[in-house]
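*Asks:* Starting off with a structure, shown below.
We did not get these values from a lab; they are worked out from the coordinates using the rules stated. Since the structure is predicted, the reported quantities are computational estimates derived from the model, not experimental observations. Methodologically, a virtual Cβ is constructed for each residue, glycine included, from the backbone with ideal geometry; neighbour enumeration extends over all protein chains shown.
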Amino acid sequence: MKSSRRSFLKTGLALPALSGASVVARTDAAKDSSFDPWVEIHPGNLRHNVSAISRRVASRPILAVIKNNGYGMGVANAARLLEPIAEIYGFAVVKLHEAVALRDAGIRKPILLMGPFDEKGLDEAVRRGVTPMVYTPIGALLDRLAAKFRRAIPIHICVDTGLGRVGVPHLEAAALIRDLAGRRSAQIAGVMMTFTEDREFDREQLRRFEVLCGGLEKEGIRLGRKHAASSFGLFQHPGALLDMARPGMAIYGIYPEKEFRSAGVMDLLPALSLKARAIYTKKLRRGESAGYNRAYVAKDDVWVATLPVGHADGWPRQAAKGARVRIGDNLYPVIATVSASHTIVELGMEPSVRIGDVVTLFDWREGSRPEDVAAACGSSVYDLTMHLNALLPRRIVQSAQI
Ligand SMILES: Cc1ncc(COP(=O)(O)O)c(C=O)c1O
């Protein structure tokens with residue numbers, strides 16, 4: 001699609017007509033352009049991050065977590081771009097429908113389903129070559145399915161070492177694992193746990209896991225790949241990398257914690273951007289207001305621009321607390337309120353932005369990274385890209401962005 005400002009100006013000028021009573025026929029320019037926000041994906045940055053992670057984990061295999069719509073990238077987009085990378089062993093998702101979508105998209109590497117399933121769901125998972133994460137006594141069900149499919153079913157067993165979420169409690173895990181290991185219907189391909197990310201307690205969790213696994217291995221039980229480290233673990237627990245790393249956020253180039261950004265452990269480049277185009281600019285006179293509840297009142301005459309992106313798109317309401325967006329080479333503060341479909345930014349004394357100008361809500365550059373937006377919002381990076389509306393267009397930008 002063409003992205004010249006000229007074509008957008010044409011469309012911009014046509015906009016008021018759209019609100020009139022008559023239906024405006026779509027012109028070529030209208031087809032060619034859109035004021036809807038969009039998400040850009042940067043494969044070069046994704047590859048850069050995988051290389052950085054691979055160095056950090058001393059070339060252990062990487063199980064790429066691409067749950068929740070590929071952290072905003074689109075689950076199939078993320079998998080298609082990551083699959084050709086040799087360091088990527090496979091993928092982990094939480095929803096069965098995402099696992100199925102990956103197979104439908106032609107993804108062939110292993111897929112671990114870390115979320116729940118019923119008998120019908122497990123049947124489908126096995127049929128599609130998706131490995132379930134299990135932690136309940138489902139041996140009899142595995143026996144039935146293995147008989148039906150005439151093969152042992154690979155599984156990963158999830159052990160709860162203290163997170164209290166899913167996983168067989170670590171003190172009960174040995175009995176379950178022995179039971180499953182004793183069945184010809186099950187093939188234990190991995191055993192896994194998740195850290196609470198409490199630095200002290202994580203050590204105890206790892207100890208519990210190692211005691212359990214060490215004991216079972218001494219009995220001669222094969223546990224497959226043991227894995228625990230998410231992005232946090234890559235930074236914080238280099239001693240807990242075990243047989244495989246299991247990161248999500250770091251793959252997308254985003255530091256999970258503020259202090260990791262300056263730690264010099266891994267250089268990560270955000271592989272997702274959120275963009276939109278300015279749809280309107282206007283001058284507010286001193287004392288005039290903007291936003292619901294007159295959230296912003298102009299102290300002096302000031303130019304503002306309106307962006308067609310809001311919290312329904314996944315751009316957080318809290319962005320009005322101090323996030324800045326990039327237009328050209330400048331950063332402009334978000335003001336007033338972020339409503340469902342609109343955001344207002346303060347331009348200053350001059351109308352330095354024109355209708356149709358591309359606005360970057362976040363990207364890989366200092367000052368407009370997802371971490372900068374999350375910090376301004378007083379929230380976590382986990383509340384940002386994963387919350388992007390799945391219906392926003394995703395565009396893969398091939399040119400190197402580094
Ligand atoms: C079980 C499990 N492993 C790994 C991850 C990846 O975490 P992160 O995105 O922090 O790397 C997640 C995500 O929350 C998870 O739930």
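*Asks:* Could you tell me what percent of the DSSP beta bridges with both partners in the chain are antiparallel, to the nearest 5?
*Replies:* On the way: 28 of 56 bridges.
Antiparallel bridges: around 50 percent, rounded to the nearest 5.
*Asks:* Same structure, new question: Ratio to report: Rg/Rh of the range 227-267, with Cα atoms as the point set and Rh obtained by the Kirkwood method; give two decimals.
*Replies:* Radius of gyration over Kirkwood radius for the range 227-267 works out to 0.94.
*Asks:* Specify the angular offset, from 0 to 90 degrees and rounded to the nearest 10, of the alpha carbon long axis of helix 43-56 from the longest principal axis of the alpha carbons in the chain.
*Replies:* 40 degrees
*Asks:* With no solvent and one equal point scatterer placed on each C-alpha of the range 164-212, evaluate the Debye formula and give log10 I(q)/I(0) for q = 0.13, 0.30 Å⁻¹, two decimals.
*Replies:* -0.35, -1.24
*Asks:* How do Asp313, Asp243 line up, fewest other C-beta atoms within 10 Å first?
*Replies:* Numbers: Asp313 23, Asp243 14.
Sorted ascending by nearby Cβ count, the order is Asp243, Asp313.
*Asks:* Next up: Taking 25 °C and 0.890 mPa s as the conditions, I'd like the Stokes-Einstein D for the range 168-247 in µm²/s, using the Kirkwood hydrodynamic radius from alpha carbon pairs.
*Replies:* This corresponds to a translational diffusion coefficient of 187 µm²/s.
*Asks:* Order these by the 10 Å Cβ neighbour count, fewest first: Trp38, Trp364, Trp315.
*Replies:* Details: Trp38 17, Trp364 23, Trp315 30.
Ascending number of Cβ neighbours within 10 Å: Trp38, Trp364, Trp315.
*Asks:* List Tyr71, Tyr280 from most exposed to least, where exposure is judged by having the fewest other Cβ atoms within 10 Å.
*Replies:* The order, fewest Cβ neighbours first, is Tyr280, Tyr71.
*Asks:* Then there's this: Averaging the inverse of every distinct alpha carbon separation and then flipping it gives the Kirkwood radius. What is it for the range 293-363, in angstrom units?
*Replies:* Hydrodynamic radius (Kirkwood, Cα pairs) of the range 293-363 is 12.3 Å.
*Asks:* From the backbone phi of the range 107-114, what are the Karplus-calculated ³J(HN,Hα) couplings (6.51 cos²θ - 1.76 cosθ + 1.60, θ = phi - 60°) in whole Hz, Gly and Pro given as x?
*Replies:* 6, 10, 5, x, 10, 9, 8, 8
*Asks:* So if we plug the beta-carbon distance of Ala147 and Ala390 into 1/(1 + (r/R0)^6) with R0 = 45 Å, what FRET efficiency do we get, rounded to 0.05?
*Replies:* 0.75
*Asks:* For the range 39-186, what relative contact order do you get, as a whole percent, if you take Cα pairs closer than 8 Å and at least 6 residues apart?
*Replies:* Values: 211 pairs, mean separation 22.9, N = 148.
Answer for the range 39-186 is 15 percent.
*Asks:* Moving on to the next point. Quick check on the range 51-125: take the gyration tensor over C-alpha atoms, sort the square-rooted eigenvalues as a ≥ b ≥ c, and tell me if it's rounded (a/c under 1.5), prolate or oblate.
*Replies:* prolate
*Asks:* Calculate the FRET efficiency for Glu219 and Ser341 from the Cβ-Cβ distance with a Förster distance of 51 Å, rounded to the nearest 0.05. Present the calculation step by step, with values, prior to reporting the outcome.
*Replies:* Working: r = 60 Å, r/R0 = 1.17.
Approximately 0.30, to the nearest 0.05.
*Asks:* 5 Å is the cut-off here: which amide hydrogens, built 1.01 Å from N in the peptide plane, fall below it relative to Gly314, excluding neighbours closer than 5 in sequence?
*Replies:* Asn389
*Asks:* Can you tell me the mean projection area, over all orientations, of the convex hull of the range 243-372's alpha carbons? Units nm², please.
*Replies:* The number I arrive at for the range 243-372 is 9.1 nm².
*Asks:* At a threshold of 8 angstrom on Cα-Cα distance, excluding pairs fewer than six apart, so keeping six or more, what relative contact order does the range 276-318 reach in percent?
*Replies:* This gives 43 percent for the range 276-318.
*Asks:* Taking N as the number of residues in the chain, what value does Rg over Cα atoms divided by 2.2 N^0.38 Å take?
*Replies:* 1.15
*Asks:* Let me ask something else. What's the angle, to the nearest 10 degrees (0 to 90), between helix 139-149's Cα axis and the longest principal axis of the chain?
*Replies:* 80 degrees
*Asks:* Another one. For the range 69-187, what is the charge dipole size about the Cα centre, in debye to the nearest 20, if Lys and Arg each add +1 at the Cβ and Asp and Glu each add -1 at the Cβ?
*Replies:* 440 debye
*Asks:* Report, in degrees rounded to the nearest 10, the 0 to 90 angle that the Cα long axis of helix 199-218 makes with the longest principal axis of the chain.
*Replies:* That helix lies at roughly 30 degrees to the long axis.
*Asks:* Another one. Add -39500 (n - 2.57) for each DSSP H run of 4 or more in the chain, then divide by its residues: what number comes out at 222 nm, to the nearest 500 deg cm²/dmol? Mind showing how you got there, number by number?
*Replies:* Details: 13 runs with 125 residues, N = 402.
The per-residue figure over the chain is -9000 deg cm²/dmol.
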